[in-house]
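Okay, structure first, notes after.
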Amino acid sequence: MQYFATPSSRSIRDAMTRGELGMMSTPAQPNRIEPGWYWAADNGCFGKGYPGDVEYLRWLAERQPLAGMCQFATAPDVVGDAKATLKRSAPFMPVIRALGFPVALVGQDGLERLPVPWDAFSVFFIGGSTEWKLSPQAAGLAAEAKARGKWVHMGRVNSRKRLRYAEAIGCDSADGTFLAFGPDVNLPQLLGWLGELGSQSALEAA
């Protein structure tokens, strides 16, 4: 399981350099992506960080040289509304792909009732409300995404319990703000949680 965070302290940046964490970058975040870091691009639609369509694409284009280390770039979405998200994302997905980034569709509430354009994206990002994110419907979509060879990511994962749940439904990665609050205290704890997942997977494989 990979975990993406913001590089809010020296210790977190060191962990990213060692490959223990990935960096989540958004247009509203000024932090530099260092050479060798693996990272992901989130549009910032959750909250107030989205800069607008033209600026978002420009921001991605400026980071094209780093696309090879980028796990995904999210197409613009509408929080909590799958139908509106599909309409909003559709014209962006081929553009983002043409820039060299793996495209992520952000799953939102109600997606299970709609046709999913599976061939248009490479990564299924589980977003939406907390209730939907933890629902059997979202888990079912994650399972279908995995069966189709997609990378699966869960947003807003800020506890051991949530991380273990994400891993249990097949997520390959997660992100959250857990390290933003007391990063030097919380980093060893998070790395410990990730290590537990790795140890459990090894035991199951054995």
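See the values below:
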item: Which of 171, 45 has the fewest Cβ neighbours within 10 Å, and the rest in rising order; result: 45, 171
item: The chain - percent relative contact order, Cα under 8 Å, separation 6 or more; result: 19
item: Protection proxy ranking, peptides 118-126, 131-139, average beta carbon neighbours within 10 Å, highest first; result: 118-126, 131-139
item: The chain, helix-only ellipticity at 222 nm - DSSP H runs n ≥ 4, -39,500 (n - 2.57), divided by all residues, nearest 500; result: -11500 deg cm²/dmol
item: For residue 4, residues with placed amide H under 5 Å, excluding near neighbours; result: 22, 174, 175, 176
item: P(r) tail fraction, the stretch 31-145 - alpha-carbon pairs more than 25 Å apart, %; result: 20
item: Alpha-carbon spread of the chain, three principal axes, descending order, Å; result: 41, 37, 29
item: Percent of C-alpha pairs per 10 Å bin, the stretch 67-133, short to long; result: 24, 54, 20, 2
item: Span-like helix ranges in the chain, DSSP H, alpha carbon extent 24 angstrom or more, Kyte mean at least 0.0; result: 183-205
item: Segment residue 119-residue 62, length gained on full extension (0.36 nm per residue, minus Cα span); result: 17.9 nm
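Every read-out reported here was derived from the displayed coordinates using simple, explicitly stated rules and does not represent laboratory data. Since the model is a prediction, treat every value here as computed from it, not as a measurement. Every residue, glycine among them, receives a Cβ derived from its backbone with ideal geometry; neighbour counts consider all protein chains shown.
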